[in-house]
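Input: a single structure, listed below in structure tokens.
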Amino acid sequence: MAECSRFARQSAALVYVAPQDARDERIARLEAENALLRAEIAELKARLADVEERLGRTPRNSSMPPSQEGLSKPNRAQRRVEGRRQGKQPGAEGKHLAQVHDPDEVVVHAPCRCPGCGAGLSDAEVVDDEVRQVFDLPKIRPYVTEHHMVRVRCTCGCEVKAEAPVEASALACYGYGVRALACYLAVHFDETGGRVAGSLHWVHVACSPLYTLIECYKKRGTTAMDEMGVIATMRGVAVHDGWKPYRSYDVLHQLCNAHSAERAVMRTATGGGHRMARPPWDPRSFGPNRFCIIAPG
């Protein structure tokens, strides 16, 4: 027993206790290494999320053209096995312009004279009435509001002038309504691949509420856009998916809401906890006041 006690005392005397400064230095070094590892893990997670997002892209949830889908594209045989046909599926809710029960104006059109005998039809019996409705915007006229900033003199002799409202920024200027309307005076652009005489071509479209222009080119980028002669010469709002060639033109750019919805669907499909992939563009690349995103009304 005495030998054991003596051995324990000798062993304790051999235990080395590092100085406090050395321990602090080691802890600091380990904490720095830990922070570096956490940063590398965060970067790897972000890169993995970006790869998963790219792999999950299809023409149904992104702006990818069908020609790039490759072997993952569903074929007709698969649709037949699944019992699905092309287009709208049975039972799916349809979207169309429908008549309303309370139109703003009713105009009655009646024939004036019988083509058979030439008699007048002002008192003829009505046997049928076909109803058609035309949806249009009302006639727009300027609504001018005049603001008077009154200057008054206090009994102490001090003169005070009222502040002008924010929208009255000049002697004559446009209000918020006109500025909002200007954002909707836009041209929408898109393109997709297609086969022409066995080779890949690109179908470009430019459309407004009144006109639609569709043209086909062998090129997809700015060469085709310049030949099309729309975005290259316009001075307005260009609505598109953020593809780089569109961003090279000096117009006001708007991100397409349909593509925003597709990216939201894609993010949900790939597990929305990860960050989104690279944004479609950097607003700073357009200079001041050249970028906007308009939410759907």
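Quick notes on this structure:
- Checking the stretch 137-150 against the condition returns a match, with at least one residue being free of Cβ contacts under 8 Å to residues at least 40 places away in the same chain and surrounded by 10 or more Cβ atoms within 10 Å (Cβ to Cβ).
- Scanning the stretch 151-178 for residues that are aliphatic (A, V, I, L, M) and either surrounded by 10 or more Cβ atoms within 10 Å (Cβ to Cβ) or not in a loop (DSSP other than H, G, I, E, B) (or both) yields a count of 6.
- The criterion of at least 2 residues that are within 24 Å of Phe135 (Cβ to Cβ) is met, among strands (runs of 3 or more DSSP E) falling completely within the stretch 200-256, by 212-217, 237-240.
- Filtering the stretch 97-134 to residues that are closer than 30 Å to Pro209 by Cα and at pLDDT below 90 leaves Leu97, Ala98.
- Test: residue in the stretch 81-102 that is under 30 Å from Gly175 (Cα atoms) and either in contact (Cβ under 8 Å) with a residue 12 or more places away in the chain or among the β-branched types (Val, Ile, Thr) (or both): no
- No other residue among Ala2, Ala39 is small (Gly, Ala, Ser) and at pLDDT 65 or above apart from Ala39.
- Filter result (surrounded by 15 or more Cβ atoms within 10 Å (Cβ to Cβ) and not basic (Lys, Arg)) within the stretch 237-248: Val237, Ala238, Val239, His240, Asp241, Gly242, Trp243, Pro245, Tyr246
The values are calculated or read from the model by the stated rules, or taken from the named source; none is laboratory data. Every value quoted in this text rests on a predicted model; they were computed, and no experiment measured them. Don't worry about glycine lacking a Cβ; one is built from the backbone with ideal geometry, like all the others, and counts go over all protein chains shown.
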